[in-house]
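Below you'll find the structure, written out as structure tokens, and then a few comments.
The values are calculated or read from the model by the stated rules, or taken from the named source; none is laboratory data. This structure is a prediction, so every number in the text was calculated from the model and none was measured. Backbone-built Cβ (ideal geometry, glycine too); neighbour counts: all protein chains shown.
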Amino acid sequence: MEKVIGSGRTLEKAINDALLKLGLTAENIEYEVISTGGFFKNYKVKMWKKLTEGERQRDFLQQVLNKAGFNLNVSLSEKDDEINLNIKGEDSAAVIGYRGDVLDSLQLLTSIAVRNSENKHFFLDCENYREKRRLTLIKLANNLEKKVLRTGRKTKLEPMNAYERRIIHTTLKDSTKSKTHSEGAEPFRYVVIEPVLKNKKENVPKEKENQNTYNTHRKQLNFVYRTKTKKPYEK
């Protein structure tokens, strides 16, 4: 991070001097007063560019990985509403962990340590692991739906985090033959896939239902009339 020293007879002039050296505006900088003015003395300020939310998160995570002894680099892609960090390097498998559990922990740690005051969506990935895992879960959801429809029995998936459960729900949300819901408490919450049970009794319009009832009674009356025996003639 580039830092410059600005000086001037007043604090305002010292700040303006540093701004000219950085080529920035006052909204994009942070500074520290290192010397106050007086007789034959100028104000002095140390100034640097203000880091964005994403840059602060990137720098924090990079420091954590460096101190842990990993040979990894963190890259940043920042947009108006989201922050994307991506880890690459020789030790990438170590920071992914079992089905992304270490990666999830690093994302949580970074989001807690560096508060996201702008409420941007923060997403951490490593060597495109998230996308590969997403495609795996989509395939799993489709295969399990076929099993559920074949057996007619619901099935429970292994515990997943909220992000992965959402992938399962989203994959099958438009299905008319199965439905999904989550059960259990964190961190052991899991997805259940079950078949949609169709009601065999069809909905009959009320007018038609009344007509059918009338015809049934009429047949019963006719039956009774036809089977009634005549009494013999008595003299």
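At a glance:
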{"item": "Sole exception among (1) free of Cβ contacts under 8 Å to residues at least 24 places away in the same chain; (2) of a type in the set (Gly, Ala, Ser); (3) part of a helix (DSSP H, G or I) for ALA185, by number", "result": "(3)"}
{"item": "Members of the range 65-92 found to be surrounded by 15 or more Cβ atoms within 10 Å (Cβ to Cβ) and not in a loop (DSSP other than H, G, I, E, B), listed by number", "result": "LEU65, LEU72, VAL74, LEU76, GLU78, ILE83, ASN84, LEU85, ASN86, ILE87, GLY89, SER92"}
{"item": "Top-ranked residue of the range 9-43 - restricted to ones that are modelled with pLDDT under 85 and assigned to a helix (DSSP H, G or I), ranked as surrounded by the fewest Cβ atoms within 10 Å (Cβ to Cβ)", "result": "GLU27"}
{"item": "Matching residues, the range 147-182, being over 23 Å from ASP104 (Cβ atoms), part of a strand (DSSP E or B) and either out of contact with any strand residue (DSSP E or B) (no Cβ under 7 Å at 6 or more places or on another chain) or touching a residue at least 24 places away in the same chain (Cβ under 8 Å) (or both)", "result": "THR155, SER178"}
{"item": "Matching entry among LEU51, LEU19 (being under 39 Å from the mean Cα position of the chain (by Cα) and among the hydrophobic types (A, V, I, L, M, F, W, C))", "result": "LEU51"}
{"item": "Where a residue in the range 1-22 is among the hydroxyl-bearing types (Ser, Thr, Tyr) and its partner, wherever it lies, is part of a helix (DSSP H, G or I) and surrounded by 15 or more Cβ atoms within 10 Å (Cβ to Cβ), with Cβ under 7 Å and at least six apart", "result": "SER7/ALA14; SER7/ASP17"}
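This table checks each residue for (1) assigned by TED's automatic domain parsing to the domain that holds ALA162; (2) farther than 21 Å from LEU135 by Cβ; (3) at pLDDT 95 or above.
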| site | (1), (2), (3) |
| --- | --- |
| GLN62 | no, yes, yes |
| ASN73 | no, yes, yes |
| SER77 | no, no, no |
| ILE83 | no, yes, no |
| ASP91 | no, yes, no |
| TYR98 | no, no, no |
| ASP101 | no, no, no |
| SER105 | no, yes, no |
| LEU108 | no, yes, no |
